[in-house]
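Enquirer: The following block contains the structure, expressed as structure tokens.
Each reported figure results from applying straightforward, stated rules to the coordinates on display, with no laboratory input. Because the structure is predicted, anything quoted here is derived from the model rather than measured. All Cβ positions, glycine included, derive from the backbone under ideal geometry; neighbour counts span all protein chains shown.
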Amino acid sequence: MELVVFSLLNGVLYGLLLFMLSSGLTLIFSMMGVLNFAHASLFMLGAYLAYQIGRYTGFWPGLVLAPLIVGLLGAAIERWGLRTVHRFGHVAELLFTFGLALLIEEVVQLIWGRAPVPYTVPSSLDFAAFTLFGTTYPAYKVFMVLISIGMFGLLGLVLTKTRIGLIIQAALTHPDMVAALGHNVPRVFMLVFGVGSALAGLAGVIGGFALVTSPTMARTLGPIVFVVIVVGGLGSLTGAFVASLLIGIVQTFAVAIDFSLIDLLARFGVTVTRADTFYDLWRIKLAQLAPVLPYFMLVLMLIMRPRGLMGTRET
């Protein structure tokens, strides 16, 4: 029971971290139709900026300043980068953001080096939130959960219940009409890209001390983000939330279960030896397959439901 409860808690935590990272990318795609390959790099940049700012001012100012800086950088990228290449089509946009991801990674290595930086849990969050089954659960994980849920609720309210949210959604499908009503459509798109980048920066601030803050963190989490938005449905914020939780829980439980097909067959009295065909395949533990499971879910989703769980666009 203890294994199930803590695996579920950690799975939800990991899933919400994935949502924090994917929410900005989902927002950008749903409003602009741009798949930003540099999104995970902006997440990494948020973690590094929070670490650097925190060395001088502490964690809480970094929690505000780092996403703000990343958001301003994202707005500048859209204004003087993506807007220029947009007229050449989606391939040019993908190549631009892919090159930008490599550039950000190189800049990070030049400034902070190749080794991980000591971005640790702040002292104000380094205590036990509660005790369960005799095991303490850290407060910073509860803080991450609250920030993630708050982000989901706030984004949903802004996009569906406010005037700016309605303008943003209308600008995607009917830009000429929105412009005729007196709204600056390019500025709306710049705002959306900036907010999406700021969300990636915020995820970096929160996730940086939970993960290892190193120049490889973008390459590690980047592919998973695209799995989340495809499984959830391109452009669907609710779909990204559900897919993040699903992937987080499945992957966490897979890591916790040290079981193989040989163990399963042994339960039914079947013994597998090294002389049997595909012995090396049967002895693979489920924990070893955990990193592959999200991509297996991606393939199944593309075959059975290309639009994703809650998407409206074909992938």
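Enquirer: List the relative contact order of the range 172-315 as a percent without decimals, with contacts defined as Cα pairs under 8 Å and 6+ residues apart.
Expert: About 27 percent, as a whole number.
Enquirer: Does the range 1-107 come out rounded, prolate or oblate, given a ≥ b ≥ c as the square roots of the eigenvalues of its C-alpha gyration tensor, rounded meaning a/c under 1.5 and, failing that, prolate meaning a/b above b/c?
Expert: oblate
Enquirer: With the contact rule set at Cα under 8 Å and sequence spacing of 6 or more, what percent relative contact order holds for the chain?
Expert: 32 percent
Enquirer: Just going by the charge dipole of the range 2-258, with Lys and Arg at +1 and Asp and Glu at -1 on Cβ, which of Val70, Trp80, Leu25 is farthest out on the positive end?
Expert: Trp80
Enquirer: Using the Cα gyration tensor of the range 193-246, with a ≥ b ≥ c the square roots of its eigenvalues, what is the shape: rounded (a/c below 1.5), prolate (a/b larger than b/c) or oblate (neither)?
Expert: Prolate is the answer for the range 193-246, as a/c is 1.5 or above and a/b outweighs b/c.
Enquirer: Starting from the Kirkwood radius over alpha-carbon pairs of the range 128-200, derive D by Stokes-Einstein at 20 °C in a medium of 1.002 mPa s and give it in µm² s⁻¹.
Expert: For the chosen part, D equals 145 µm²/s.
Enquirer: Rounded to the nearest 0.05, what FRET efficiency do His183 and Leu103 give with R0 = 35 Å and r taken as the Cβ-Cβ distance? Could you check?
Expert: So, using R0 = 35 Å, E works out to roughly 0.60.
Enquirer: Okay, moving on. Please say if the chain is rounded, prolate or oblate, where rounded means a/c under 1.5 for a ≥ b ≥ c the square roots of the C-alpha gyration tensor eigenvalues, and otherwise the choice is prolate for a/b larger than b/c and oblate otherwise?
Expert: Prolate, since a/c reaches 1.5 and a/b exceeds b/c.
Enquirer: Using amide H atoms built 1.01 Å from N in the peptide plane, name the residues 5+ places from Ala129, or on other chains, whose amide H lies under 5 Å from its own.
Expert: So Ala129 has HN proximity to Tyr137, Ala139.
Enquirer: Over the range 197-315, one equal point on each Cα, no solvent: what is log10 I(q)/I(0) by the Debye formula at q = 0.16, 0.17, 0.24 Å⁻¹?
Expert: Log10 of I(q)/I(0), two decimals: -0.88, -0.94, -1.30.
Enquirer: Whole-Hz Karplus ³J(HN,Hα) for the range 53-67, in order, using 6.51 cos²θ - 1.76 cosθ + 1.60 and θ = phi - 60°, x for Gly and Pro?
Expert: Values per residue, Gly and Pro as x: 5, x, 5, 10, 10, x, 5, 5, x, x, 4, 8, 6, 4, x Hz.
Enquirer: Still on this structure, please answer the following. For His174, His39, what's the fewest-to-most ordering of other Cβ within 10 Å of each Cβ?
Expert: His174, His39
Enquirer: Could you order the peptides 198-208, 83-93, 254-264 from most to least packed, using the average number of other C-beta atoms within 10 Å per residue?
Expert: Highest to lowest by the protection proxy: 198-208, 254-264, 83-93.
Enquirer: Name the residue from Leu281, Ile262, Leu293 whose Cα lies farthest towards the positive end of the charge dipole of the range 240-312, charges +1 on Cβ of Lys and Arg and -1 on Cβ of Asp and Glu.
Expert: The residue sitting most towards the positive pole is Leu293.
Enquirer: Then there's this: For the ranges 234-244, 161-171, what's the packing order if you count other beta-carbon atoms within 10 Å of each residue, average per peptide, and put the highest first?
Expert: 234-244, 161-171
Enquirer: Shifting gears a bit: Going by how many other Cβ atoms sit within 10 Å of their own, how do Phe37, Phe152, Phe43 line up, fewest first?
Expert: With the fewest neighbours first, Phe37, Phe152, Phe43 line up as Phe152, Phe37, Phe43.
Enquirer: Let me ask something else about it. About the Cα centre of the chain, how large is the charge dipole given +1 on each Lys and Arg Cβ and -1 on each Asp and Glu Cβ? Please answer in debye to the nearest 20.
Expert: Magnitude of the dipole: close to 420 debye.
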